[in-house]
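Trainee: Got a structure here, written out as C-alpha cells. Questions coming.
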Amino acid sequence: MSQQTATPGGRDVFIVSNSVDELGGVTTWSHQMARLFSDRGHQVHVIGIAPVAEEIRQQLPADLPYAVTTLYDAHPPAARRLRGIKGRLNAPERRRQAARRAKMRAKADRLGELLRAARPGAVVIVTQVWAMEWVALADTKGCTVIGMSHESFEASNKSTRGQRVRRYYREVDRLLVLTPEDADLWIRAGMENVSSMPNPLPFMPASPAPRTEKVVASVGRLAFEKGVDLLLDAWADASPHHPDWVLRIYGAGLEEATLRAHAAGLGLEDSVEWMGSTGDVLGALNGASVFAQASRAEGFPITLLEAMAAGLPVAAFDCAPGVREIVTHGEDGLLARLGNTMELAGHLDRLMAGRDLRDRLGDAAFRNVQRYSSTEITDRWEELFSFLER
C-alpha cells in the first residue's frame, strides 16, 4: 500500500456540484474527497450551483477545512425550449428564459472569477453534468477540467443526462465514470476521453461489526431510484419466517409518507423501524447483522462500501456495474436480479437464517472492500492530476 504524502505547495482544487449539501452519495463523496485533498496539502473549494429544499438538505459541520460556496440564493427556473409558433409567441415565457440565461451567465462569471484567482496547476472537478452547464460558460483557462458521472452508463442514457454528458463533457480533459465496464460503454458510444475512478471508503474500522443483533439495515435517501418500496415488498415475503428480526431504514426524503403507507399496507408496522437520517452511519451498521439495498439504479454506491467496511453481508439488486465491482455474489454478498423482489427476499431469508453464512460473507466483505481505501483512491487522483498536467 502506498504512503500518503502531501504535495509540496499543493494545488487549488475546485469540486463543483449541483449543490453543496443535498442528501445523497454525490455530496458525501464531494466532502470526503475535499477532506482527503486538504489533508494532502491542497487548497480546496467546494462549489454548489443552487441550494436545495430543507427536507433534502444535510447539515454540514461548522469547522470544514476548506471553502464552501453556493452561486445562487434560490434554485434557478428550469430551462425550457420554446417550440413552434406558439412558443415563439409566448412573450412572458421568452422573457423568463432570457432572464434565466442572463442570470446563468452572471453566475458563470462569478465562478470564473474564483477560477482565475487560482494558482497554476488548478483542477476543476465537476461531479454532475447539470453543474457542468455553468462550468462550460465560465473562464476555465489554465485549469484542468475533469467531468464525472456518478451513475451507470445505462442510468444516464435512460434520461436526458446521457445526451448532456455527450454535449458538455466531450471537450473536458477527462471524463471519469465509476467502473471500467461503464468506461468501455462510453468509449463505444463515441466519447474518447473516458477512464474510471471508484469511490473511496468513507471509513475503515479496525474490526467488523459483532453481527449479534437481529436487525437488517438499509441506508439511503427515501427516493424512487433507491427502491425502498421494492425492499419493503421483499421484506414482506421474508420477514414472516423471522418474526424476531426487524428492518431498520435509515434515511429521509420526499417519498417518506408514501413509503410508510406502503409498509402499513403490507402489514409491516411491527417489523419495520423508520430511523430518519443519521450522522453516525457506522454506529447504525454496527447495530445490524445484515445490510439490504434494493436500488433501481446506482453508480458506485457508497452505502455498499460502508456496509462491507462494517463487515456486514449485503443482499442487493444487481442494478449496475458498480454493484458488481463491489460485491462478488456468494463470496462477500448476495445479488438478486434487478426488480426480482422474491429473489431478494430469498437472499434475506438465507442471511437471517444462517449465522455461519452471515459471518463468512461479512468477514470476506470486511477484507475485500479494503481495496477501496481512501489512501489508495487519493493516490490515484494525484497520479491523474500529474498526468493531465503534462
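Trainee: Distance between the C-alpha centers of region 266-293 and region 51-82? Whole Å please.
Mentor: 28
Trainee: Could you give the length gained by full extension between residue 54 and residue 79, i.e. 0.36 nm per residue of separation minus their alpha carbon distance, to one decimal place?
Mentor: 6.7 nm
Trainee: Moving on to the next point. How large is the translational diffusion coefficient of region 169-266 in µm² per second when you combine the Kirkwood radius over alpha carbon pairs with Stokes-Einstein at 4 °C and 1.567 mPa s?
Mentor: For the chosen part, D equals 75 µm²/s.
Trainee: Hey, what's the per residue convex hull volume over the C-alpha atoms of region 31-143, in cubic angstrom?
Mentor: Normalising the Cα hull of region 31-143 by residue number yields 128 Å³.
Trainee: Quick check: residue separation of residue 388 and residue 158 times 0.36 nm, minus the Cα distance between them. What number comes out in nm?
Mentor: Here the segment from residue 388 to residue 158 would lengthen by 79.7 nm.
Trainee: Hey, another quick one. Just to be sure I understand: with springs between alpha-carbon atoms less than 10 Å apart, which residue in 328, 258, 70 has the highest mean-square fluctuation in the Gaussian network model of the chain?
Mentor: Of the options given, 258 has the highest mean-square fluctuation.
Trainee: Would you grab the residues whose amide H sits under 5 Å from the one on residue 44? Only those 5+ places off in sequence or on another chain, please, with H modelled 1.01 Å from N.
Mentor: 13, 67
Trainee: Straight-line reach from residue 226: which lysines have Cα under 17 Å away, leaving out those fewer than 8 places along the same chain?
Mentor: Within the straight-line cut-off, residue 226 pairs with 158.
Trainee: Over the chain, one equal point on each Cα, no solvent: what is log10 I(q)/I(0) by the Debye formula at q = 0.07, 0.09, 0.14 Å⁻¹?
Mentor: Computed log10 I(q)/I(0) values: -0.34, -0.56, -1.25.
Trainee: Using the alpha carbon gyration tensor of region 118-197, what are the three equivalent-ellipsoid semi-axes (square root of 5 times each eigenvalue), largest first, in whole Å?
Mentor: For region 118-197, the ellipsoid semi-axes come out as 22, 13, 10 Å.
Trainee: Take the alpha carbon atoms of region 144-177, find their center, do the same for region 327-369, and report the distance between the two centers in whole angstrom.
Mentor: Distance between centres, Cα-based: 32 Å.
Trainee: Scan around residue 334 for amide H atoms under 5 Å from its own, H built in the peptide plane at 1.01 Å from N, and keep only partners 5 or more places away or cross-chain.
Mentor: Under 5 Å from the amide H of residue 334: 314, 315, 316.
Trainee: Hey, what D do you get for region 291-390 in µm²/s if you plug the Kirkwood alpha-carbon radius into Stokes-Einstein at 25 °C and 0.890 mPa s?
Mentor: Once the numbers are plugged in, D ends up at 172 µm²/s.
Trainee: Compute the distance in nm between two label points, each set 7 Å from the Cα along the Cα-to-Cβ direction, one at residue 93 and one at residue 359.
Mentor: 6.5
Trainee: Continuing with this model, one more query. Can you list the lysines whose alpha carbon is less than 29 Å from that of residue 141, not counting same-chain residues fewer than 8 positions off?
Mentor: 103, 107
Trainee: Let me ask something else about it. If N is the number of residues in region 272-324, what value comes out of its Cα radius of gyration divided by 2.2 N^0.38 Å?
Mentor: Normalised by 2.2 N^0.38 Å, the Cα Rg of region 272-324 equals 1.14.
Trainee: Taking the Cα centre of the chain as the origin, how large is its charge dipole in debye, to the nearest 20, when only Lys and Arg (+1) and Asp and Glu (-1) carry charge on their Cβ atoms?
Mentor: Dipole magnitude for the chain comes out near 2240 debye.
Trainee: Hey, quick one: spin label on residue 368, modelled 7 Å out along Cα-Cβ, who in region 188-207 has an amide N within reach, i.e. under 19 Å?
Mentor: Correct set: 198-205, 207.
Read-outs: derived from the displayed coordinates by stated rules, not from any lab. Bear in mind that the values here come from a model prediction, so they are computed numbers and not experimental data. Reconstructed Cβ throughout: ideal geometry from the backbone, glycine too, with neighbour counts over all protein chains shown.
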